[in-house]
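See below for the structure under consideration.
The values are calculated or read from the model by the stated rules, or taken from the named source; none is laboratory data. Quick caveat, the model's predicted, so the values are computed rather than measured. Neighbour counts are summed over all protein chains in view; Cβ atoms, including those assigned to glycine, are modelled from backbone coordinates with ideal geometry. We work out accessible area using only protein heavy atoms, side chains counted, and drop any ligands, DNA or RNA first. Shrake-Rupley method; radii C 1.70, N 1.55, O 1.52, S 1.80 Å.
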Amino acid sequence: MLRKARYGLQGATVILLVTLSTLVLTSIIAILAVFKFLAPKGRAFNAMTHLASWFGELWVSINNGLISFYRDMEWDIQMPDGISHQGRYLVCCNHQSGVDILTLQRCLNRRAPFGRYLLKQQLIWVPVLGIAWWALDMAFLRRYSREELLRNPALRGKDLENAARACQKLKHIPVSMMTFPEGTRFTEAKREEQSSPFQHLLRPRYGGVGQVLYSFDDALDAVIDVTITYPYGTPSVWQYISGQVRKISVDIKLRPIGDSIRGRNFREDSIAKRGLKTWLDSIWQEKDVYITRKLADEAAKK
């Protein structure tokens, strides 16, 4: 009973403090967005971009600082050398929970560049947040539904060109493009439904990864490959913010990008499409082996 009360108090406190920091910092970033919109391209515009990113990283640092008070939460992070805060990266991660995003922020904030996501174009109209996301250079994409493609086949492949245009401004600033190639959170039911060949992962989808590789072409430095393992079961966001998670293991690798998949239009080039799928499948095979071994090692310690 006392433990539940403690978790409830801890979680409520974190929610309150994160809400306050979010309101303050997104408001500041939204104000910066006005100056950024009015600023001429060049030094003033770039200064607004860097300042907005700094406030974005500050927000993440505040969130990480709140969670760091939970001394009984153990972190096992394997971080490679060579990741630069001034680099340009594609980040690929397995997906099990909303905690994955918070874990990525915990591991990569201020080490890698500020993370950007491919967002639906409609999200730019979300009050305050939409403006803040624009100021933070999130890539807003116009995607087409199945019905739209059936009515107008000429739209097929346009989403790839839309992604290239949306990412154009990101090619010239430090950036981490965040992707979850599985497209949805892992569950045993989804794994069985997909007939996934992996024990702990769903089949990776190459569409989002291919969009980033095509859009950035030679501008990307490398791939940051992240594998997250929860040795004591997949936690919810509430369990994470209330201090109920016992351990999170994160293995991070820095992978080169081969010329056979860099900047290639996988929608029109069948060889590039096959190469991209083979490359991503091989990474997922390594992840599955790692997770299996990691869980077995942790189980032996219990």
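Worth pointing out:
- Residue tally, condition in a loop (DSSP other than H, G, I, E, B) and within 30 Å of ILE15 (Cβ to Cβ), over the stretch 203-241: 7
- For GLN244: the one exception among (1) assigned to a helix (DSSP H, G or I); (2) at pLDDT below 95; (3) under 30 Å from MET73 (Cβ atoms): (1)
- Selection count, the stretch 67-104, where residues are part of a helix (DSSP H, G or I) and of a type outside the set (A, V, I, L, M): 2
- Residue selected from the stretch 92-133 under the condition of a type in the set (Ser, Thr, Tyr) and either under 11 Å from the mean Cα position of the chain (by Cα) or buried (at least 23 other Cβ atoms within 10 Å of the Cβ) (or both), by the criterion farthest from THR227 (Cα to Cα): TYR117
- Residues that are of a type in the set (Asp, Glu) and open to solvent by 20 Å² or more (accessible area, probe 1.4 Å), drawn from the stretch 185-244: GLU188, GLU192, GLU193, ASP217, ASP218, ASP221
- With respect to the stated conditions, PHE37 fails to be under 25 Å from SER215 (Cβ atoms), free of Cβ contacts under 8 Å to residues at least 24 places away in the same chain and open to solvent by less than 70 Å² (accessible area, probe 1.4 Å).
- The set of residues in the stretch 247-291 that are open to solvent by 30 Å² or more (accessible area, probe 1.4 Å), part of a loop (DSSP other than H, G, I, E, B) and touching a strand residue (DSSP E or B) at 6+ places or on another chain (Cβ under 9 Å) contains only PRO256.
- Residues (over 19 Å from TYR232 (Cα atoms) and in contact with a Ser or Thr (Cβ under 7 Å, 6 or more places away or on another chain)) located in the stretch 76-107: TYR89, LEU90, VAL91, CYS92
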